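Heads up, the thing below is written out as structure tokens.
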Amino acid sequence: MFGRLTLDAFKHESSQNGAVFSMLFGAICLIGLISYLKRWKWLWNEWLTTVDPKRIGIMYIVVVLIMFLKGFGDAIMIRLQQAMSVGDSHGFLSSTHFQEVFSSHGTTMIFFVAMGAIFGLMNLIIPLQIGARDVAFPFLNALGFWLFASGAFLTIVSLTIGSFSTAGWLAYPPLSGIEYSPNEGIDYWIWAVQIAGVGSTLSGINFLVTILKMRCPGMTLMKMPIFTWSALCTMPLVVLAFPILTATLYMLTLDRYLGMHFFTVDGGGNYMMYVNLIWAWGHPEVYIIMLPMFGVFSEIVPTFSEKRLFGYVSMVWALIFIAFISFIVWLHHFFTMGASPTVNVFFAIMTMIIAIPTGVKIFNWLFTKFRGRVHFTSPMLWFFAFLLNFTFAGMTGILLSSPPVDFQVHNSLFLIAHFHGMAIGGVLFGFFAAFTYWFPKFTGFFLDETLNRYAFWCWLSGFLLAFMPLYMLGFMGATRRLDHYDASTGWHPLFVIVGIGAFIILIGATIQFFGLFWSIINRKKNWDHTGGDPWNGRTLEWSISSPPPIYNFAVIPTVDQLDPLWAIKRGEAPIPQKRYENIYLPINTPMGLYIGIFSLIFGFAMTWHIWWLAIVSFVSILVCVIIRLSGEDEHEIITVAQVKEIEAAHARRMKSYE
Amino acid sequence: MNKPLTIHHQDTLELNPDTHLPDLHQDTFSKTTQGFWMYLMTDSLLFATLFCAYAILHTETFDGPSAQDLFSLSTAFTETMILLLSSVTCGFSMMAALRNKKNQVLAWLGVSFLLGASFVAIELTEFTQLVQDGNSWQRSAFLSSFFTLVSTHGMHVSFGLLGMIVMAAQLFLLGVTATTFRRLITFSMFWHFLDLVWIFIFTFVYLMGVV
């Protein structure tokens with residue numbers, strides 16, 4: 001009846017019980033709060049069934065923040081364990097639990113924080129930047145979100161029921177094969193990643209078509225805002241890389257469930273094929289999460305330097321070039337595989353070449369600031385920190401790209417320090433910058449700037465303390481994923497410093513979460529009195545009110561140059577005529593949510609081998625899809641009168657500020 | 001906001017130059033077809049990955065039978081012809097849809113369905129035979145990759161058959177409208193795509209395996 005699911009699955013180590021209970025307590029509190037405020041109907045109508053990209057974007061960000069808490073909690077546990085577990089002391093985590101923690105940390109941060117962050121940002125910003133009222137496939141977009149959310153939820157379920165993977169975030173076979181990992185951990189990982197991955201592919205298709213088909217009149221490709229360009233370079237990577245992940249996980253699944261021999265040691269299987277395939281997805285994935293952040297910084301730097309982006313065209317070509325070359329460097333993740341020198345040299349050179357377009361970008365940002373009027377707002381602070389860390393981590397990346405060096409530091413903490421410099425210094429700082437920069441657009445008020453600055457300095461100093469010693473530890477021979485080491489290694493003091501750094505970051509993150517709630521509570525004080533354009537913005541999203549009306553643009557804009565809003569402000573382009581028309585928007589549908597829920601049940605049932613439930617949930621998914629594909633396209637209409645009323649209300653609000 | 005309503009303001013819109021049918025607002029037709037091409041691209045990458053796995057593992061027979069010992073070219077050729085023919089009849093149903101002949105559309109879809117179903121049946125018979133002879137997917141890496149590649153295609157065809165039933169029901173109830181036509185064209189793209197994938201399977205797995 002319940003497959004392999006027994007009561008034992010609910011028993012955990014004491015260190016895990018605390019997390020489980022606090023999570024359940026939080027969930028019960030949340031449900032109680034919503035019931036107390038009688039907000040269920042509101043939640044259902046306005047959020048859970050919505051197909052509005054602005055709402056979906058905000059839901060992405062909410063999931064990202066929750067998953068960030070989880071992934072960050074894992075990171076703190078790793079750091080604490082490594083600071084404590086030396087010599088006779090074995091720390092507070094068993095080695096199995098430690099393996100679960102680092103596997104969960106990587107999986108969460110890449111699949112559910114970084115991926116969610118970029119899709120969240122794209123949902124929020126792209127339709128506004130290209131002057132569209134919607135995305136190309138609103139339902140597909142919602143479905144992509146719900147699949148992402150159900151994958152994220154499945155990893156949370158693994159905290160409570162059973163255990164998570166112990167094979168690292170990419171689950172290399174043969175360790176992840178059925179022979180060496182017979183229990184449910186790897187299956188949780190497979191299904192969480194598989195479901196979220198399918199969601200990413202669907203979202204990728206949606207944004208690709210949105211950008212190609214739905215730009216406003218006059219916006220040719222080379223007049224697109226640079227963030228949209230970065231998305232246009234990222235989405236083909238999603239669409240081309242994620243199917244490889246899907247197929248690879250599919251083969252691993254078949255190995256584990258049907259006894260096939262793709263990646264097994266016996267039967268003629270080839271486990272290095274898994275490593276090749278997973279990195280054929282994995283390396284583009286690195287740029288999938290990085291390129292949009294290049295776009296973010298390319299929006300922020302010109303705005304806060306009061307200058308146009310230096311070298312727009314070179315920036316675009318650099319993006320395209322990086323996107324292209326990201327497909328032919330995957331082997332640098334495992335030079336130690338033992339491919340011939342010719343092969344290793346090819347991949348080494350390709351890897352080094354990536355430094356050129358990246359360097360172009362960095363100089364473009366520097367020249368944008370040169371002789372500009374630079375405002376030291378918190379998005380700019382994140383940019384400076386990004387520039388420092390990204391350049392530094394980029395340099396160490398060049399070191400790693402050389403096979404002889406790589407053989408020395410492969411799988412050491414040097415590598416960990418390198419890619420965290422990219423992932424935190426690049427992606428996460430980029431996300432924070434974007435969050436601060438676009439926050440007033442979608443809420444109508446600012447984040448508390450003082451708290452932002454405190455958080456920033458904690459993050460920067462904490463980051464340097466937490467990761468610079470890892471470079472040294474890597475050279476001293478410390479490998480990644482150590483749950484215990486000998487006192488004679490002399491690593492202990494450095495690990496303690498690293499732990500202190502992690503706690504300074506924890507303080508920074510706490511300030512950020514506190515700052516978010518503080519700003520929401522005191523939103524009256526932090527109101528954006530410009531009504532929609534607090535930073536003297538250049539692109540179309542700043543030309544409409546904050547938060548944007550449901551239809552985004554009352555009149556679809558026409559543009560004839562880059563930075564269209566600056567053109568209007570400087571009198572180089574006419575002020576748009578206010579000729580309103582009826583607006584058609586797709587109506588809400590709960591089908592995305594249903595399919596997400598059934599996928600979650602399906603993943604859970606497959607993990608625990610509950611076959612009947614797996615069949616039922618799979619058939620339910622099919623039924624939902626068929627129902628959705630049998631209906632007519634239904635739209636709601638917003639009449640001219642209603643548009644006029646909404647626009648007039650905004651004008652009245654603006655007047656009251658004066 | 002007003003109550004939700006379905007818009008059929010086709011009379012106010014120009015005919016789509018590709019389909020000579022009225023296009024819904026916001027260019028739904030061209031967005032959908034473009035999106036569907038993108039989807040087909042993701043699907044071909046999925047197959048490409050499985051082809052890679054087959055290319056690497058097809059010699060790893062683990063002392064078991066090889067492609068030459070197992071495959072019959074005549075069966076594979078029959079399957080190929082059946083699937084190609086079903087693509088032709090699917091094309092006929094599209095042409096009938098362009099002329100707005102509902103019954104013809106349904107009839108040709110029916111023929112395509114029968115052909116597709118017989119393809120799946122032949123494939124299943126072949127698989128059953130292999131498993132009964134002790135050459136299942138557990139036998140060797142070669143057979144794992146063979147079964148995965150070919151059955152993934154077979155599953156696609158089976159889902160295509162399911163889609164065909166849904167499509168036929170919609171056409172039967174609604175006739176050829178802008179919406180059903182759009183869905184029919186994406187379906188036929190899918191069906192032709194499966195044909196193309198099969199050509200590769202026939203060539204790389206059967207033809208090159210046996211000859």
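Every number here is computed from the coordinates shown, using simple stated rules; none is lab data. As the structure is a prediction and not an experimental result, all values here were calculated from the model. Every residue, glycine as well, gets a Cβ built from its backbone with ideal geometry; the counts of neighbours run over all protein chains shown.
Quick notes on this one:
- The selection criterion, being farther than 15 Å from residue B:105 by Cα and either within 10 Å of chain A (Cβ to nearest Cβ) or in a helix (DSSP H, G or I) (or both), does not hold for residue B:187.
- Residues of region A:225-248 classified as within 14 Å of chain B (Cβ to nearest Cβ) and aromatic (Phe, Trp, Tyr), total: 1
- Qualifying residue in region B:158-167 (condition: farther than 27 Å from residue B:60 by Cα and in contact with a Lys or Arg (Cβ under 8 Å, 6 or more places away or on another chain)): yes
- Subset of region A:23-56 that is touching a Pro at 6+ places or on another chain (Cβ under 9 Å) and part of a helix (DSSP H, G or I) - its residue that is surrounded by the most Cβ atoms within 10 Å (Cβ to Cβ): A:53
- Residues (surrounded by fewer than 18 Cβ atoms within 10 Å (Cβ to Cβ) and within 9 Å of chain B (Cβ to nearest Cβ)) located in region A:254-276: A:258, A:259, A:266
- Members of region A:443-483 that are within 26 Å of residue A:90 (Cβ to Cβ) and in a loop (DSSP other than H, G, I, E, B): A:476, A:477, A:478, A:480, A:481, A:482, A:483
- Hey, residue B:43 surrounded by fewer than 21 Cβ atoms within 10 Å (Cβ to Cβ), among the charged types (D, E, K, R), within 14 Å of another protein chain (Cβ to nearest Cβ) and part of a helix (DSSP H, G or I) or not: yes
- Scanning region A:352-400 for residues that are touching an Asp or Glu at 6+ places or on another chain (Cβ under 8 Å), assigned to a helix (DSSP H, G or I) and either more than 21 Å from residue A:453 (Cβ to Cβ) or of a type in the set (Lys, Arg) (or both) returns a single hit, A:400.
- Within region A:213-272, the residues that satisfy the criterion of being more than 18 Å from residue A:187 (Cα to Cα) and either without any contact (Cβ under 8 Å) to a residue 12 or more places away in the chain or polar (S, T, N, Q) (or both) are A:220, A:221, A:228, A:230, A:234, A:266, A:267, A:268, A:270.
- Restricting attention to region A:212-224 and to residues that are in a loop (DSSP other than H, G, I, E, B) and away from chain B (no Cβ under 14 Å), the residue that is surrounded by the fewest Cβ atoms within 10 Å (Cβ to Cβ) turns out to be A:220.
- Checked against (1) surrounded by fewer than 16 Cβ atoms within 10 Å (Cβ to Cβ); (2) of a type in the set (Ser, Thr, Tyr); (3) touching a Ser or Thr at 6+ places or on another chain (Cβ under 7 Å), residue A:589 passes all but a single condition, namely (1).
- Condition met for residue B:158 (over 13 Å from the mean Cα position of the chain (by Cα) and under 30 Å from residue A:274 (Cα atoms)): no
- Test: residue in region B:164-179 that is surrounded by 17 or more Cβ atoms within 10 Å (Cβ to Cβ), of a type in the set (A, V, I, L, M), in a helix (DSSP H, G or I) and in contact with a strand residue (DSSP E or B) (Cβ under 9 Å, 6 or more places away or on another chain): yes
- Here residue A:251 meets the list (1) under 26 Å from residue A:64 (Cα atoms); (2) crowded, with 23+ Cβ neighbours inside 10 Å; (3) facing chain B (nearest Cβ under 9 Å) almost entirely, failing just condition (1).
- Helices (runs of 4 or more DSSP H) (entirely within region A:564-658) containing at least 2 residues that are within 14 Å of chain B (Cβ to nearest Cβ) and within 30 Å of residue B:180 (Cα to Cα): A:611-630
- Restricting attention to region A:484-496, the residues that are of a type in the set (A, V, I, L, M, F, W, C), in contact (Cβ under 8 Å) with a residue 40 or more places away in the chain and assigned to a helix (DSSP H, G or I) add up to 3.
- Pairs with Cβ under 9 Å, 6+ apart, first in region A:192-211 and within 11 Å of another protein chain (Cβ to nearest Cβ) and free of Cβ contacts under 8 Å to residues at least 40 places away in the same chain, second aliphatic (A, V, I, L, M) and outside any helix (DSSP H, G or I): A:208/A:136
- Scan of region A:57-90 for residues that are acidic (Asp, Glu) and part of a helix (DSSP H, G or I), ordered by number: A:74
- Any hit, region A:289-299, residues being touching a Lys or Arg at 6+ places or on another chain (Cβ under 6 Å), farther than 30 Å from residue B:56 by Cβ and of a type in the set (Gly, Ala, Ser): no
- Of all residues making up region B:49-94, the number that are closer than 20 Å to residue A:253 by Cα and surrounded by fewer than 16 Cβ atoms within 10 Å (Cβ to Cβ): 1
- For residue B:74, the requirement of being among the small types (Gly, Ala, Ser) and within 16 Å of the chain's Cα centre (by Cα) is not met.
- Residue A:99 of a type in the set (S, T, N, Q), in contact with a helix residue (DSSP H, G or I) (Cβ under 8 Å, 6 or more places away or on another chain) and either part of a helix (DSSP H, G or I) or within 20 Å of residue A:498 (Cα to Cα) (or both): no
- Residue identified as under 26 Å from residue A:228 (Cβ atoms) and not polar (S, T, N, Q) among A:430, A:421: A:430
- Pairs where the first residue, in region A:342-354, is at negative phi and the second is acidic (Asp, Glu), C-beta under 8 Å, 6+ apart: none
- Test for residue A:335: is it in contact (Cβ under 8 Å) with a residue 12 or more places away in the chain, among the aromatic types (Phe, Trp, Tyr), touching an Asp or Glu at 6+ places or on another chain (Cβ under 9 Å) and within 11 Å of chain B (Cβ to nearest Cβ): no
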